[in-house]
Amino acid sequence: MVYTKKHPALLIMGIIMLSLGALVDFGLMDGVISYLDISKHIGEITSLSYIFGGIALIVGLWHFFGEHKEGHLDYYLSTIAGATFILFIAMAIRWFVAPLIAVWSQSLGPVMGDKYLHEVL
């Protein structure tokens, strides 16, 4: 049984991850980084985006344009799309959603004693 289907999802995720790494690396997201106060994560944002975005791009090109045969390589490479999606969501939450919630909760002020909402949750 051939597990790999011709689908552009992994290719698109790879392009998005590489674009994120390039935007941060070239300083085009400095405003967002300073607003969210995530400057300490710049190194991991660029390196992880380049590494896993490159892997996703290469395997995504193979998924979309390659010849697929039954075998172990087909089975293992077909799982990369799911792992990349989970990594993509985790990266977005760690680097952008959680700091945004922290900024918003600090703008609301303390909710329980002197703790902010993101500290309570």
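Only one of LEU57, LEU77, LEU61 is more than 24 Å from LEU36 (Cβ to Cβ), touching a residue at least 24 places away in the same chain (Cβ under 8 Å), open to solvent by 60 Å² or more (accessible area, probe 1.4 Å) and touching a helix residue (DSSP H, G or I) at 6+ places or on another chain (Cβ under 8 Å). Can you tell me which? Being more than 24 Å from LEU36 (Cβ to Cβ), touching a residue at least 24 places away in the same chain (Cβ under 8 Å), open to solvent by 60 Å² or more (accessible area, probe 1.4 Å) and touching a helix residue (DSSP H, G or I) at 6+ places or on another chain (Cβ under 8 Å) holds for just one of LEU57, LEU77, LEU61, which is LEU61.
Hey, does the stretch 44-53 have a residue that's more than 17 Å from the chain's Cα centre (by Cα), within 22 Å of ALA9 (Cβ to Cβ) and surrounded by 13 or more Cβ atoms within 10 Å (Cβ to Cβ)? No: zero hits. Quick check, is ILE33 open to solvent by less than 80 Å² (accessible area, probe 1.4 Å) and within 27 Å of HIS118 (Cα to Cα)? In short, yes.
Does ALA83 count as over 19 Å from LEU10 (Cα atoms), surrounded by fewer than 17 Cβ atoms within 10 Å (Cβ to Cβ) and at pLDDT 80 or above? Against the criterion (over 19 Å from LEU10 (Cα atoms), surrounded by fewer than 17 Cβ atoms within 10 Å (Cβ to Cβ) and at pLDDT 80 or above), ALA83 does not qualify.
Looking only at residues in the stretch 33-51 that are aliphatic (A, V, I, L, M), assigned to a helix (DSSP H, G or I) and touching a residue at least 40 places away in the same chain (Cβ under 8 Å), which one is nearest to PHE96 (Cα to Cα)? Only one residue tops the list, namely LEU36.
Looking only at the stretch 4-19, residues that are open to solvent by less than 30 Å² (accessible area, probe 1.4 Å), modelled with pLDDT of 90 or more and closer than 20 Å to ASP74 by Cα come to 4 in all.
The values are calculated or read from the model by the stated rules, or taken from the named source; none is laboratory data. All figures in this text were calculated on a predicted structure; none of them were measured in a lab. FYI the Cβ positions are ideal-geometry reconstructions off the backbone, even for glycines, and counts take in every protein chain you see. Note: accessible area is taken over every heavy atom of the protein model, side chains too, but ligands, DNA and RNA are not part of it. Shrake-Rupley method; radii C 1.70, N 1.55, O 1.52, S 1.80 Å.
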